[in-house]
Amino acid sequence: MSAAIPNLAPQSEMFASFRFGVFFFAGGVVPNPLDIRFKKVKGLSATVKTTPLAEGGQNLYTQQLPSGVEFGNLVLERGMVVGSPLRLEFDAAMSLFKFAPSNVLVTVFNEAYIPVSAWFFFRAYPVKWSTADLDAEPKNLLIESLELAYARMQIMRV
């Protein structure tokens, strides 16, 4: 009698980059229902830092030893919103130098809008706010950019 072997082959399905959601958790647990729509998310990256180690008598190369993980800042772009909880948090950080770190979940959905992958950012806080140039010629939305630093990122595969 043989046991069934589960299918461990990786999924070959490709996912669209425009089906995503961003969810903020105030105090780490309470979801913010207003600040969920963004035009673009950038900065989903992690890099292993290395330290060179020269071996005695070896002059041709050095060993590269892992020494830590470095994360890029999370950058969110959206049409400018006034009075949202996230905007108030950015205003407090930039004007009063008061910070209230929160957890952030960025999720990618499939065609049925079922989560297929996610990135969880622990203790994120504002470090930069900017807006697109004001221009009287084109009739475009005013886009604001919100940049967050965070303690660490956890990749989640659903």
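A few remarks follow.
- Subset of region 104-146 (residues that are among the charged types (D, E, K, R) and more than 14 Å from Met80 (Cα to Cα)): Glu111, Arg123, Lys128, Asp135, Glu137, Lys139
- Each residue in region 104-118 was checked for being open to solvent by 20 Å² or more (accessible area, probe 1.4 Å) and either farther than 9 Å from Phe20 by Cα or assigned to a loop (DSSP other than H, G, I, E, B) (or both), and 7 pass.
- Taking first residues from region 14-35 that are touching a residue at least 60 places away in the same chain (Cβ under 8 Å) and outside any loop (DSSP other than H, G, I, E, B) and partners that are surrounded by 14 or more Cβ atoms within 10 Å (Cβ to Cβ) and charged (D, E, K, R), the Cβ contacts under 6 Å between residues at least 6 apart in sequence or on separate chains come to Phe24/Asp35.
- Residues of region 75-89 satisfying the condition of being among the β-branched types (Val, Ile, Thr) and assigned to a strand (DSSP E or B): Val75
- Scope region 36-61; condition part of a loop (DSSP other than H, G, I, E, B) and either under 19 Å from Pro101 (Cβ atoms) or under 23 Å from the mean Cα position of the chain (by Cα) (or both); matching residues: Ile36, Arg37, Phe38, Lys39, Gly43, Leu44, Ser45
- Checked across region 62-74, the condition of being on the phi > 0 side of the Ramachandran plot and in a loop (DSSP other than H, G, I, E, B) holds for no residue.
- Filter result for Lys98 (open to solvent by 90 Å² or more (accessible area, probe 1.4 Å), among the basic types (Lys, Arg) and without any contact (Cβ under 8 Å) to a residue 12 or more places away in the chain): yes
- Taken together, the residues in region 41-70 that are of a type outside the set (Gly, Ala, Ser), open to solvent by 60 Å² or more (accessible area, probe 1.4 Å) and touching a residue at least 12 places away in the same chain (Cβ under 8 Å) amount to 14.
The values are calculated or read from the model by the stated rules, or taken from the named source; none is laboratory data. Computed from a predicted model, the values in this text were never measured in an experiment. So basically every Cβ, Gly included, is an ideal-geometry build from the backbone, and we count neighbours across all protein chains shown. To get the accessible areas, we keep the full protein, side chains included, count just its heavy atoms, and leave off ligands, DNA and RNA. Shrake-Rupley method; radii C 1.70, N 1.55, O 1.52, S 1.80 Å.
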